[in-house]
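Note sheet for the following structure.
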Amino acid sequence: MPMYNVGECAVACLRSLVGQTYNNIEIVVVDDGSTDDTADICARTIAGDDRAKLVRKENGGLSSARNFGLAHATGDFATFVDGDDVLDEWAVGHLAALAQKTGAPLVTCEYKKIDSTEDFGGQEVGEGKVVTGDELLGMLLLLNGESGSACAKLYAKELFPLLVFPEGQLFEDFGVEATVFSSVEKACISGAELYGYLAREGSITTNKKYGDKHLEGMEASLSVVRRMVDGKPELKDALACFEAFCSLRVASRLDLAKCADKGRAKAYVSEARKRCHNVASSPLASKTWRLRCRLFAASPALHNLVYSLYGKLTGKVVG
């Protein structure tokens, strides 16, 4: 668990972990150079629990903290939890049981967006579904039941060498996840919403304006995904959809004032519109994504207006 200036949010996160019904766990809390009282809060919250340890490092960002924490982990499996999120009390036990039952080195569960950590828990666990790694990769490319986040997953130790997050890069997760998916013969998917995602103002995913780092980070991760799809012609059309979805996400929030090379930024928006136009009628894309692509290809300003109104009405727009 990377922790950086999350303050009291850390308490709910840590309590959700020490309260897991599955007891044979190791909790590695990484203080990523917090400048507030986060580290002290973490130390007090886990005091007396010999399963938990707090390790500290200079601030290096989310990827750096995850890499640092994994290096200090000694278990046979690992899962990542962001410092302002929570797990259902059955999460680890359910994922571990599915890993044991299916022999899959990777087990996933669903996210649930929450407004408060106090209201989360007691989710239905149900059964898991075994899929191939390429099927999971296809789900990522279409953003169909797989977001590409490193969280809400249980990784076997054999996958740890692949869990190296590029430090200082944004949108780093889905490049790493595409690499993992391409490396496993099978994975198990649980439909249970066991990961509580708190959309907190000021978090990375609620940043309203994007600049050079977002553009560069997205393209760096996309280049990794392209390598993973190379040689898999059956995923070519799905990749085109993913490229459009990802470039739309950045281009729709790109602020020229935050871009050193405004010509490059404008060219990126133009390319994003072309990508969106090319997949706007794809039967592979969901109705929502087809509509968004059509709107953005026609007018980025119209897309942003409609999407903003949608977010206000539904509360579903977070990233």
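All of the numbers you see were taken from the coordinates with simple rules; none came from a lab. As the structure is a prediction and not an experimental result, all values here were calculated from the model. So basically every Cβ, Gly included, is an ideal-geometry build from the backbone, and we count neighbours across all protein chains shown.
For Lys274, go through the aspartates and glutamates and keep the ones whose alpha-carbon is under 17 Å away, minus same-chain ones fewer than eight residues off. Hits, sequence-local ones excluded: Glu219, Asp237, Glu243. The sum of -39500 (n - 2.57) across all DSSP H runs of n ≥ 4, divided by the residue count of the chain, sets its helix-only mean residue ellipticity at 222 nm to -14000 deg cm²/dmol. Region 228-268 and region 83-159 have Cα centres spaced 27 Å apart.
Counting only cysteine Cβ atoms and a cutoff under 4.7 Å, the chain contains unmatched residues Cys9, Cys13, Cys42, Cys109, Cys151, Cys188, Cys241, Cys246, Cys259. Spatial offset of region 291-307 relative to region 42-71 amounts to 41 Å, using the alpha carbon center of each. From the square roots a ≥ b ≥ c of the eigenvalues of the alpha-carbon gyration tensor of region 1-153, which class results: rounded (a/c under 1.5), prolate (a/b over b/c), or oblate? Verdict is prolate for region 1-153.
Among 101-109, 185-193, sorting by the average number of other beta carbon atoms lying within 10 angstrom of each residue, highest first, gives 101-109, 185-193. Summing Cβ point charges (Lys, Arg +1; Asp, Glu -1) relative to the Cα centre of region 1-131 gives a dipole of roughly 500 debye.
In straight-distance terms, cross-link reach from Lys129 covers every one of the aspartates and glutamates whose alpha-carbon lies under 17 Å from its own, apart from those fewer than eight places away in the same chain; here that gives Glu110, Glu146, Glu185, Glu193. In a simple Cβ point-charge model (Lys, Arg +1; Asp, Glu -1; nothing else charged), region 207-319 has a dipole of about 380 debye relative to its Cα centre. Here the extension length gained between Val164 and Ser183 equals 5.4 nm, from 0.36 nm per residue of separation less the Cα-Cα distance. Give Lys186/Lys232; Lys209/Lys312; Lys112/Lys153; Lys113/Lys157 a once-over and call out the pairs whose C-alpha atoms are over 20 Å from each other. Checking Cα-Cα distances, Lys113/Lys157 exceed 20 Å. Placing a label point 7 Å from the Cα of Glu234 along the Cα-to-Cβ line, the residues of region 283-311 whose backbone N sits under 17 Å from it are 284.
Rounded to 0.05, the FRET efficiency of the Ala47 and Lys157 pair, given R0 = 35 Å and the Cβ-Cβ distance, is 0.80. Antiparallel beta bridges, as assigned by DSSP with both residues in the chain, represent about 45 percent of the total such bridges. Each Lys and Arg contributes +1 and each Asp and Glu -1, all at the Cβ; summed about the Cα centre of region 89-210, the dipole is approximately 120 debye. Note on Leu309 and Ser223: with the Förster distance fixed at 30 Å, the Cβ-Cβ geometry gives a FRET efficiency of about 0.35.
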